[in-house]
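Visitor: This is the structure I have questions about; it appears just below.
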Amino acid sequence: MIDTARLPEYPGCYLYSDDAGTIIYVGKAKNLKKRVSSYFTKKDQDAKTRSLVTRIASVDVVVTDTETEAFLLENTLIKKHQPKYNIDLKDAKRYAWIELTREEYPRLVIARRAAGDGTFFGPFVSAAERDYVLNVAKKAFHLRTCKKLPKRPCLRRHMQSCCAPCTGTVSPEEYEKNVKKAALLLGGKSHELLDELKEEMAARSSAEDFERALVLRNEIAAIGHLADRQHVERRREYDQDVIAYQVTDGKVYLTAFNVERGSLANKEEFIFEAGEDFFEEFLVQYYSDREPPQELILGRETDPAIADFLSLKKGKHVGIIVPQRGEKRQLLDLAQKNLEIAFFRDTLKGAELGTALYMARPPSVIECFDISHLSGTAMVGSMVQFRDGKPDKSNYRRFKIRTVEGIDDFASIAEVVKRRYQRLLDEHAPFPDLVIIDGGKGQLSSARGALAGLGVTSQPVIAIAKREEEVYVPDTDLPLLLDKKSIALRYIEEIRDEAHRFAIVYHRLLRKKQVLT
């Protein structure tokens with residue numbers, strides 16, 4: 001059974017393998033944990049999916065920065081591994097170029113190859129990426145799509161998706177301006193274009209030309225979406241390897257990305273003892289039985305003799321790059337992110353949470369409380385404990401509410417918190433580093449009141465409210481602003497969800513006993 005609890009809640013691709021280690025399916029996800037989990041929890045699956053699930057022996061994941069990257073990376077991985085359960089598109093054709101035609105009123109069209117008298121942009125490794133960029137350019141700048149200018153406006157004019165040079169309402173000079181903007185966008189100069197458009201929009205607004213300012217605002221919004229473009233699939237005429245590592249407790253944790261002509265083709269992970277010159281030793285061993293790439297992207301400088309060794313092995317020069325910014329730095333950062341998730345995800349969660357809550361040190365032991373009831377009957381409390389980023393089920397606790405009548409979450413929280421920590425005081429047991437309450441300011445106040453009644457005033461306590469996932473801390477009226485995608489907030493949600501699940505399980509158990517009796 002696949003352990004989905006340890007999967008990251010990031011966008012990316014997942015690769016299912018069978019008992020023989022053969023990749024049988026590649027998929028993409030906005031949230032890897034939720035998507036992979038759904039394969040093993042959904043009951044109304046089609047026959048193909050049911051067959052796939054019975055053959056899954058292991059899962060590997062590649063984290064990406066955005067969902068768009070996951071779509072594009074999936075395409076690359078499917079073509080490389082040709083998994084049995086993915087759709088076979090052997091007969092599909094790939095058009096890799098966008099052409100800006102050389103006409104009186106130029107058009108943007110898809111081209112099979114860069115041949116002709118137009119201006120060509122590409123090649124695009126992914127047809128999906130090409131189509132996305134093409135659609136943005138067409139919609140943003142309202143260029144015509146018809147092969148021959150009609151005598152009267154077509155539907156695109158009425159939908160305001162074409163400036164309709166056929167009607168004479170746009171001058172050749174104005175149309176040429178839009179063509180130049182499209183060329184800047186397709187040429188990869190979107191930042192330069194955005195600056196130009198923002199300046200023009202500000203000028204139009206100042207001149208109270210609000211209709212034109214609105215058009216420019218829509219263009220800016222459309223182009224802004226291209227910031228979500230692929231980082232891991234970049235067209236290159238050469239191969240690259242990207243290597244990131246981290247040394248912890250005398251061990252080296254290392255991730256290697258193999259990028260073939262701009263497409264991420266493989267990911268490998270290694271753990272070995274750290275010794276003197278360990279990195280150079282790894283590089284020699286790693287490339288002893290494989291051809292080095294033309295370019296090696298690393299996080300630090302290495303012995304110059306390594307470059308000579310790799311160049312001799314390849315038969316031509318191998319460049320070693322230590323990037324500080326730009327696309328290559330993004331690739332290195334992505335490799336580092338995958339390394340952290342593969343090896344240090346649990347430690348990373350605690351560190352990020354401690355930083356977000358301004359704690360002196362990362363919380364190692366965290367306890368979370370939740371109350372569950374159905375129309376005020378059979379009210380129960382639950383407490384789960386996480387230790388070093390993982391559930392410690394041996395320290396889960398369940399509570400029947402004893403002193404509260406009816407529906408009163410505040411009083412119920414106060415009761416279970418008091419009972420839990422009175423027990424620890426009596427046993428002279430250590431308190432957790434952090435207490436989390438499922439609820440808002442009221443539940444937080446009740447928990448703190450219960451602790452104060454025990455003489456405990458320095459225990460860190462926070463609360464998380466379900467509706468907006470707002471985190472409340474003591475002595476402040478407003479919630480703490482945490483990024484919705486941050487590791488810290490996701491860790492809090494993970495712990496809260498586990499407490500909620502545990503409470504519901506106990507609640508159902510009690511109700512079942514009531515029915516049986």
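Visitor: Under a point spin-label approximation (7 Å from Cα along Cα-to-Cβ), what is the R217-L149 distance to one decimal in nm?
Guide: 3.3 nm
Visitor: K180: which aspartates and glutamates have alpha carbons under 16 Å from its alpha carbon, excluding same-chain residues fewer than 8 sequence positions away?
Guide: Reachable aspartates and glutamates: E99, E103, E104, E192, D195, E196, E200, E219.
Visitor: Let me ask something else about it. So how do 308-315, 360-367 stack up, highest first, on mean other-Cβ count within 10 Å?
Guide: Most protected by this proxy first, the peptides run 360-367, 308-315.
Visitor: Under the Karplus relation 6.51 cos²θ - 1.76 cosθ + 1.60, θ = phi - 60°, what is the ordered set of whole-Hz ³J(HN,Hα) values for the range 139-149, x standing for Gly and Pro?
Guide: 6, 6, 10, 6, 7, 6, 10, 5, 5, 10, 4
Visitor: Also, quick follow-up: Once you put a point 7 Å from the Cα of D475 and another 7 Å from the Cα of K84, both along the Cβ direction, what distance in nm separates them?
Guide: 6.2 nm
Visitor: How many nm separate the modelled label positions at D277 and E493, each set 7 Å beyond the Cα in the direction of the Cβ?
Guide: 4.9 nm
Visitor: Quick one: order R152, R6, R420 from most to least accessible surface, probe 1.4 Å.
Guide: Most to least solvent-accessible, the answer reads R152, R6, R420.
Visitor: Accessible area, 1.4 Å probe, largest first: how do R402, R55, R300 sort?
Guide: Accessible-area ranking of R402, R55, R300, largest first: R402, R55, R300.
Visitor: In terms of the Cα gyration tensor, with a ≥ b ≥ c the square roots of its eigenvalues, is the range 333-478 rounded because a/c is under 1.5, prolate because a/b exceeds b/c, or oblate?
Guide: Verdict is prolate for the range 333-478.
Visitor: Further question on the same structure: Count the net charge of all other residues whose Cβ sits under 14 Å from the Cβ of G453, scoring Lys and Arg as +1 and Asp and Glu as -1.
Guide: +3
Visitor: So, one more: Please report, to two decimal places, log10 I(q)/I(0) for the range 299-394 at q = 0.12 Å⁻¹ as given by the Debye formula with identical point scatterers on the Cα atoms and no solvent.
Guide: Debye output, listed in q order: -0.68.
Visitor: So, for the range 397-517, what is the accessible surface per residue at a probe of 1.4 Å, expressed in square angstrom?
Guide: Ligands and nucleic acids excluded, the result is 57 Å² per residue.
Visitor: What are the ³J(HN,Hα) values, in whole Hz, obtained from phi via the Karplus relation 6.51 cos²θ - 1.76 cosθ + 1.60 with θ = phi - 60°, for each residue of the range 291-298 in sequence order, with x given for Gly and Pro?
Guide: Once θ is set to phi - 60°, the couplings for the range 291-298 become 6, x, x, 6, 9, 10, 9, 10 Hz.
Visitor: Determine ³J(HN,Hα), in whole Hz, for all residues of the range 449-458 in sequence, where each value follows from phi through the Karplus function 6.51 cos²θ - 1.76 cosθ + 1.60 and θ = phi - 60°; x replaces Gly and Pro.
Guide: Those phi angles translate into x, 5, 5, 4, x, 8, x, 9, 10, 10 Hz.
Visitor: Here's a follow-up. Given the Cα-Cα distance of R300 and S171 and 0.36 nm per residue of separation, how much length would full extension add, in nm?
Guide: Gain on stretching R300 to S171: 41.0 nm.
Visitor: Could you tell me which GluC sites (Glu not before Pro) in the range 437-490 are loop residues by DSSP with no more than 11 other beta carbons within 10 angstrom of their beta carbon?
Guide: Qualifying residues, ordered by number: E468.
Visitor: Which whole-number value in Å² is the accessible area per residue of the range 6-75, probe 1.4 Å?
Guide: 47 Å²
Visitor: Further question: Where a Cα-Cα gap under 22 Å defines reach, which lysines qualify for K84, not counting those fewer than 8 residues away within the same chain?
Guide: Cross-link targets: K28, K42, K48, K93, K267.
Visitor: Also, I was wondering about something else. Using heavy-atom solvent-accessible surface (probe 1.4 Å) with all chains present, what is the largest-first order of H373, H507?
Guide: H373, H507
Visitor: Using a 1.4 Å probe, how large is the accessible area of D497, given in Å² and rounded to the nearest 10?
Guide: 80 Å²
Visitor: Under 19 Å Cα-Cα from K177, which lysines qualify once same-chain neighbours fewer than 8 residues away are excluded?
Guide: K138, K139, K189, K198
Visitor: Please compare each pair in K393/K466; K43/K393; K34/K337 to a cut-off of 21 Å on the Cα-Cα distance and tell me which ones are over it.
Guide: Beyond 21 Å: K393/K466; K43/K393.
The values are calculated or read from the model by the stated rules, or taken from the named source; none is laboratory data. Note that this is a predicted model, so its numbers are computed, not measured. We place every Cβ from the backbone using ideal geometry, glycine too, and count neighbours over all the protein chains shown. Heads up: the accessible areas ignore ligands, DNA and RNA and are worked out on the full protein's heavy atoms, side chains in. Shrake-Rupley method; radii C 1.70, N 1.55, O 1.52, S 1.80 Å.
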